[in-house]
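Below is one structure, written out as structure tokens; comments come after it.
Each reported figure results from applying straightforward, stated rules to the coordinates on display, with no laboratory input. A quick note: this is a predicted structure, and the numbers were derived from the prediction, not measured. Every residue, glycine as well, gets a Cβ built from its backbone with ideal geometry; the counts of neighbours run over all protein chains shown.
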Amino acid sequence: MTSNVIELVTKELEQLEASNTYKHEVPLQSAQDGVVQVGGRKAVMLASNNYLGLSNHAAVKAAAIRGIREYGFGVASVRFICGTQDIHIALEKKIAKFLGTEDAILFSSCWAANEAFFASLTNEKMGMETYRDVIYSDRLNHASIIDGQRLCRAETTDRKIYAHADTDGLARALEEDRGKDYRLRIIATDGVFSMEGDLAPLDRLVEIAGKYGAILFVDDSHGVGVCGRSGRGTPEARGVHGKIDVLTGTLGKAIGGAAGGYISGRKELIAFMRQKARTYIFSNSLPPPIVFGADAAFALLMKDRSIVKKLAANTAYFREQIAALGFRILAGEHPIVPVMVGEASVAQEMSRALLKAGVYIRGLWYPVVPKGEARLRAQISAALGKKDIDRALGAFEKVGKKMNLI
Ligand SMILES: Cc1ncc(COP(=O)(O)O)c(C=O)c1O
């Protein structure tokens, strides 16, 4: 290789190490679960998005195996050529029903769904020679929402960022733009913000979108299966179930944790996506074991509320007990529980010490979160028994005292 690429990337990698932002991967030696095997020892898992504990659930695994037996391992095609099986359509209907929308469309990931949504809507002329669209986006939105918007052409799309959860600021921006001749106005937000575990003010956003004739787009990847009394997500928790124009989400977290994503909404919009979404048209259809596994996960959720209840009870217990130990957490109701420790070095040392004490948890620090607000992000799961949570709390107490944090 004559290029200087190796020299350049090596320098960049060294820079990542020097700035403490190199992402080191730690291989698990077991299935994802409430307790995992890592580094040759057992550890309580407090870092996964396996909120409902379905990643290693017997019914979900049995369904995935049935999927392979009955429909094969893969489809070797995109949807519109020969990659649509009846199970894809059935899962789309099930997702739509669960979310209270007219229809849904599957993608290989929620990343692909988010990219598809913004680009396919705003880059299409749809019979108009000249037009402008505008997107208002929460400052803390997920990278996939940001990248989806980056695919929108600057010549036809204005992108505006509003301060995190600042509904007054958003309303002001829409008011200022009222007289402008925009074709589409889109408000984009996460349902749950993954660094803080806070829920978007969807009730207010529904009002604002209605008042200004905007489309409300919500990525509920951390909300679906988790929030609301029946796990229907952040809209249910905020009292606006069935009132969100466009909901996207992942099947890679609470819903079995494998892979896949969706857009759900009005049937015309979903039909449009099937024709125009490039990450759908030019990318393989979801494999049968994943479709079967996700279908089983939704079936479990729809059958009874005990898993969602257990997750809520585990979350409430952990939040109460970790605060009682003297740790500062960000208040909230979501199983993402940020334990604030201040400096990056403290978060790093603490997560290492906790792993030695049998708890797997990851730290977040600048530039992912603001300077001085380093944290350990605990993520609670229904796969955890009370004994597991108590073991984790015991380790927090021991390490916290040793490090003079409590
Ligand atoms: C809010 C949000 N949206 C989208 C994604 C991407 O989901 P997927 O893994 O299905 O691409 C994630 C994953 O981290 C996420 O947290």
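A few points about this structure:
- Within the stretch 302-324, residues that are under 18 Å from Leu405 (Cβ atoms) and free of Cβ contacts under 8 Å to residues at least 60 places away in the same chain have Cβ atoms under 6 Å from residues that are surrounded by 14 or more Cβ atoms within 10 Å (Cβ to Cβ) and not acidic (Asp, Glu) in these pairs: Arg319/Val337; Ala323/Ile329, counting only partners at least 6 apart in sequence or on another chain.
- Residue list for the stretch 202-226, restricted to those being assigned to a helix (DSSP H, G or I) and of a type outside the set (A, V, I, L, M, F, W, C): Asp203, Arg204, Glu207, Gly210, Lys211, Tyr212
- Of the candidates Gly256, Gly261, the single residue that is surrounded by 24 or more Cβ atoms within 10 Å (Cβ to Cβ) and out of contact with any Cys (no Cβ under 9 Å at 6 or more places or on another chain) is Gly256.
- Checked against the criterion of being within 10 Å of the ligand (Cβ to nearest atom) and farther than 22 Å from Ala294 by Cα, the candidates Ala143, Ala112 yield just one match: Ala143.
- Among the residues of the stretch 245-283, the one identified as aromatic (Phe, Trp, Tyr) and part of a strand (DSSP E or B) is Tyr262.
- Set side by side, the residues Gly372, Gly385, Gly342 differ, and just one is out of contact with any Leu (no Cβ under 6 Å at 6 or more places or on another chain) and touching a residue at least 60 places away in the same chain (Cβ under 8 Å), which is Gly385.
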